[in-house]
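What follows is a set of notes on a single structure, which appears directly below.
Each reported figure results from applying straightforward, stated rules to the coordinates on display, with no laboratory input. Bear in mind that the values here come from a model prediction, so they are computed numbers and not experimental data. Note that each Cβ is placed from the backbone with ideal geometry, even for glycine, and that neighbours are counted across all protein chains shown.
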Amino acid sequence: MSELTLFQKIHQGMIPAKFLAQEELCFAIEDIDPKAPFHALIISVRPIPSLAEISPDDAAILAACLQMAQSLALDHGLENGWRLVTNVGVYGSQSVPHLHFHLLGGRRMGWPPG
């Protein structure tokens, strides 16, 4: 049996987190190191290593994550705009090998981002 990812441990209650939403295919938590006034992580329940490793079978998971992002943005008053980001690989600054999206809002976002 492989070791659980950080996000699996959070989902299973082994590591505390502030949950913002939970559904069958994904869940959302507050980021512990926020980069904006509102910063949530939207995480697939099933551990897909990154967006680079999705398959057509993952379409429902991706749709659920995007719908959760939209719902959280509406629920948290981000009507002026928000950003949804996923990091892939070393050069993309991915730190946890489990698909997740950063939902950021509550301030004007700069471009380019990094």
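Things worth noting here:
- For the chain, the alpha carbon convex hull comes to 117 Å³ per residue, rounded to a whole number.
- In this rough spin-label picture, where each label sits 7 Å from Cα along the Cβ direction, the S95-A63 distance is 3.3 nm.
- Residue-averaged [θ]222 nm for the chain, counting only DSSP H segments that reach four residues, each worth -39500 (n - 2.57): -6000 deg cm²/dmol
- Against the main long axis of the alpha-carbon atoms of the chain, helix 59-75 sits at an angle near 30°.
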